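Heads up, the thing below is written out as structure tokens.
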Amino acid sequence: MAVSGKGGVGKSSLAATIGRELARLDQRVLLVEMEPGLGAFDLLLGLERGVCSLSDFLDGRCAAKECILSVPGEPGLWAILAPDERDFAYDPPVFAEKMKGLAGSFDFILIETPPGFGLWFEAAKNAADEAVIVATPDLPCLRDGRAVSDRLDERPQIRQRLVINRLDVKLFCQRRPIPHLDFAIDTVGAQLLGVVPEDRELPYRLGAGMALPQQSGAQAACRRIALRLLGQAAKLGV
Ligand SMILES: Nc1ncnc2c1ncn2[C@@H]1O[C@H](COP(=O)(O)OP(=O)(O)OP(=O)(O)O)[C@@H](O)[C@H]1O
Ligand SMILES: [Mg+2]
């Protein structure tokens, strides 16, 4: 489950890139995009918008195999695209039940929720074992991350971890939007899973449906996050 308080912090970009890295580590990975009417995974993953989306799957209009799209050039990676209907209403028990039904077929199901709270957040919270709170290293975003963490506390069995995205080390050291990275961890109240650098290339690559280049800092950071999700030791690399 990838969540945030604020929008636009990088949930889709990181879910797509971490998903690719997990698949390259021989995992079977399903990406699920929840945001009704505002999906981006088709563009990020080079997928055709199909007839069947998440709403068709949840309402039983399409079978799982019709909604689960295979990501081109990435064996081991699949996606269910966001509902086209802007006003699609999630039913948390149905969502949890449907995800449970898919769990046996995948090693990881990465669910991206829209920012903030709503029925989608409740639905993902009911279904998830782990939550990755994505935040940029500034106080407004981290404070909203804390609000998300507090809501996730309502389901104590969810393991919560934090990913700090878009860190520009030089600018951070010059401007100090927060005193240090430990401050971010203390503010959100979740263990640090990874730190992803600001990458000027990222919007252009991902926006065109391409993976990040192997040598890029953001790609390497997502690789280390994937390794840690697998329980392997990998440095933070900040
Ligand atoms: N590490 C990064 N470096 C540079 N740009 C980034 C980085 N991460 C994300 N971005 C850019 O930030 C913008 C928002 O990213 P993205 O769509 O992944 O956020 P989001 O949290 O999924 O947004 P939403 O809340 O609308 O779903 C995009 O233009 C993306 O390319
Ligand atoms: Mg998104």
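Odds and ends about this structure:
- Residue among Gly76, Gly145, Gly194 with the largest mean-square fluctuation in a Gaussian network model of the chain, springs linking Cα atoms under 10 Å: Gly76
- Relative frequency of Cα-Cα separations exceeding 33 Å in the chain, percent: 12
- Helix 92-103 and the longest principal axis of the C-alpha atoms of the chain enclose an angle of approximately 90°.
- Ranked for footprinting exposure by Cβ neighbours inside 10 Å, fewest first, Val3, Val195, Val163 give Val195, Val163, Val3.
- Listed peptides 119-129, 57-67 by packing density, highest first (mean Cβ within 10 Å): 119-129, 57-67
- Across Arg146, Arg223, Arg176, mean-square fluctuation computed from a Gaussian network of the chain (C-alpha pairs under 10 Å connected) peaks at Arg176.
- Each part reduced to its alpha carbon centroid, region 1-79 and region 164-238 end up 21 Å apart.
- Against the main long axis of the alpha-carbon atoms of the chain, helix 139-152 sits at an angle near 50°.
Readers should treat all values here as calculations from the given coordinates under stated rules, not as data from a laboratory. Treat the numbers as computed from the prediction; the structure is a model and nothing was measured. FYI the Cβ positions are ideal-geometry reconstructions off the backbone, even for glycines, and counts take in every protein chain you see.
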